[in-house]
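Colleague: Mind having a look at this structure? Questions to follow.
The values are calculated or read from the model by the stated rules, or taken from the named source; none is laboratory data. Since we're looking at a predicted model, the values are computed, not measured. Please note: Cβ atoms are built from the backbone with ideal geometry, for glycine as well, and neighbour counts cover all protein chains shown.
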């Protein structure tokens with residue numbers, strides 16, 4: 001067994017090291033700073049080199065590691081690594097998502113700059129050198145990326161790219177001003193680097209508007225075959241698209257009924273849609289939105305700690321404005337976890353600010369998304385006991401492989417599970433919070449239907465937007481941003497509801513086996529100890545930690 005563990009550990013470490021070397025921005029994200037001055041080789045040749053290495057590593061893994069000889073946690077890591085290798089290879093060689101997602105490249109360029117400025121992993125004087133080097137590298141990186149798209153590009157993917165890339169020059173200007181304020185003696189060098197980066201984004205915008213716009217065509221959908229492949233190989237699910245379609249419809253019917261029941265409890269004279277519309281009008285003033293999130297996040301943290309719902313973390317959490325280049329697909333909020341390999345552990349809760357330049361209905365639509373009941377749900381979902389608590393534990397637990405490679409199914413499922421958990425524990429104070437929670441779960445059921453529908457080609461973009469507007473009562477602008485995000489991230493939208501159901505199933509199974517010995521705190525501690533494994537792999541580790549292996 002010792003030799004098997006050593007052989008697997010070596011291959012696992014090779015995956016961590018080489019994958020970060022291939023993708024320097026992901027390395028910065030993870031807290032490995034050896035490549036902070038570089039961008040990835042995102043060219044056809046670069047993707048081909050990655051694929052060759054992935055295939056070779058998978059061959060060596062299968063040939064040299066008899067997985068049944070590994071202990072439980074290493075066995076989970078083995079399955080996790082095989083899953084990730086298969087998914088990455090399919091994305092490069094078969095789905096070829098890199099050839100039809102032009103937003104990928106300006107997003108990578110901007111994220112590479114943002115991470116160097118936002119995370120205080122070193123003094124700004126040190127980070128400044130890498131930031132200047134990346135600013136200088138932007139034009140060459142984006143120019144090289146244009147070679148990845150020689151053929152048709154789906155219209156929707158072009159629209160997203162235009163929105164993301166258009167934020168580039170403005171973000172560069174803000175970054176340059178910040179660096180010059182801190183280092184006025186180097187203003188000329190910094191401004192030169194900024195001018196190069198700005199020109200890189202402008203040239204890529206010209207490429208999008210003239211070259212790619214003339215080659216619009218084809219579908220962004222990966223197709224049912226590859227959806228089923230990802231469900232099986234990436235998420236380790238025994239569910240296919242047909243099963244998920246039925247699951248989504250069943251939850252839709254269940255949640256409609258639950259919403260009607262909650263509406264009758266609140267006001268027997270009005271239906272749930274009328275009450276949701278009223279809940280949306282209960283929101284902070286535009287300039288107080290962020291303060292409202294801070295207050296509710298703190299209330300959630302204290303509640304989880306005082307009720308001993310789950311083990312806490314000392315990892316810091318900051319609420320900041322959503323980066324401008326993320327706002328095209330983030331209408332409300334999102335979360336950036338702590339870098340697992342950084343000494344400084346900080347998570348970032350991004351809240352998309354209200355655009356005060358808008359007036360009338362447009363301004364009201366934005367504020368409706370930040371209503372008080374939603375602020376309660378979003379704060380616990382993104383912060384405590386949701387993403388931040390989970391991913392702060394994940395950044396410290398387990399092997400380097402596990403700290404780098406996470407499962408959307410568990411991460412998003414956990415955060416949605418926490419919405420139900422906090423209702424069960426009596427956290428909600430806002431009268432409409434339970435109603436909005438059920439509406440949000442209805443939204444997640446729609447995500448399952450949309451994810452399967454748009455990726456198999458059975459549902460078009462307008463129909464997906466219409467479903468969110470009419471069924472879930474999302475504002476149209478928010479619904480359009482949501483569907484654009486779904487289109488670019490197949491299987492992620494369905495992970496919320498499916499992941500939550502799997503966690504609930506494991507919890508009730510554990511409760512049934514332990515009986516009076518069951519502790520909610522201990523169950524959550526056992527789950528959090530595993531990091532962010534696919535739920536299929538979680539069961540064996542939870543059973544072992546809670547003494548249920550017999």
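Colleague: Mind listing whichever residues of the stretch 347-361 are in contact (Cβ under 8 Å) with a residue 24 or more places away in the chain and within 16 Å of residue 480 (Cβ to Cβ)?
Modeller: Within the stretch 347-361, 352 is the sole residue that qualifies.
Colleague: I would also like to ask the following. Might you check whether a residue that is over 19 Å from residue 43 (Cα atoms), outside any loop (DSSP other than H, G, I, E, B) and in the same structural domain as residue 35 (by TED's automatic domain parsing) occurs anywhere in the stretch 137-155?
Modeller: There is at least one residue in the stretch 137-155 that is over 19 Å from residue 43 (Cα atoms), outside any loop (DSSP other than H, G, I, E, B) and in the same structural domain as residue 35 (by TED's automatic domain parsing).
Colleague: Inspect the stretch 384-398 for any residue being surrounded by fewer than 23 Cβ atoms within 10 Å (Cβ to Cβ) and at negative phi and give the result as yes or no.
Modeller: yes
Colleague: State whether one or more residues within the stretch 364-377 are modelled with pLDDT of 85 or more, touching a strand residue (DSSP E or B) at 6+ places or on another chain (Cβ under 7 Å) and outside any loop (DSSP other than H, G, I, E, B).
Modeller: Looking through the stretch 364-377, none of the residues is modelled with pLDDT of 85 or more, touching a strand residue (DSSP E or B) at 6+ places or on another chain (Cβ under 7 Å) and outside any loop (DSSP other than H, G, I, E, B).
Colleague: In this structure, is residue 185 more than 26 Å from residue 43 (Cα to Cα) and in a helix (DSSP H, G or I)?
Modeller: yes
Colleague: Continuing with the same structure: With respect to residue 132, determine if the residue is farther than 26 Å from residue 53 by Cα and in the same structural domain as residue 25 (by TED's automatic domain parsing).
Modeller: yes
Colleague: Scan 439, 447 and give me the residue that is under 24 Å from residue 250 (Cβ atoms), surrounded by 24 or more Cβ atoms within 10 Å (Cβ to Cβ) and either more than 15 Å from the chain's Cα centre (by Cα) or free of Cβ contacts under 8 Å to residues at least 40 places away in the same chain (or both).
Modeller: None of the other options fit; the residue is 439.
Colleague: Kindly evaluate residue 277 against the criterion of being in the same structural domain as residue 441 (by TED's automatic domain parsing), on the phi < 0 side of the Ramachandran plot and under 27 Å from the mean Cα position of the chain (by Cα).
Modeller: For residue 277, the condition - in the same structural domain as residue 441 (by TED's automatic domain parsing), on the phi < 0 side of the Ramachandran plot and under 27 Å from the mean Cα position of the chain (by Cα) - is not met.
Colleague: Moving on to the next point. Looking at 339, 310, 373, can you tell me which residue is surrounded by 20 or more Cβ atoms within 10 Å (Cβ to Cβ), farther than 23 Å from residue 428 by Cα and in contact with a helix residue (DSSP H, G or I) (Cβ under 9 Å, 6 or more places away or on another chain)?
Modeller: 339
Colleague: Follow-up. Suppose we filter 482, 441, 516, 501 for residues that are farther than 24 Å from residue 230 by Cβ and either outside the structural domain of residue 72 (by TED's automatic domain parsing) or in contact with a helix residue (DSSP H, G or I) (Cβ under 8 Å, 6 or more places away or on another chain) (or both); which single one remains?
Modeller: 516
Colleague: Follow-up. Identify, by number, the condition in (1) surrounded by fewer than 24 Cβ atoms within 10 Å (Cβ to Cβ); (2) part of a helix (DSSP H, G or I); (3) in contact with a helix residue (DSSP H, G or I) (Cβ under 9 Å, 6 or more places away or on another chain) that residue 548 doesn't meet.
Modeller: Answer for residue 548: the failing condition is (2).
Colleague: If residue 349 passes every condition in (1) surrounded by fewer than 22 Cβ atoms within 10 Å (Cβ to Cβ); (2) assigned to a strand (DSSP E or B); (3) modelled with pLDDT of 95 or more but one, which one does it miss?
Modeller: (1)
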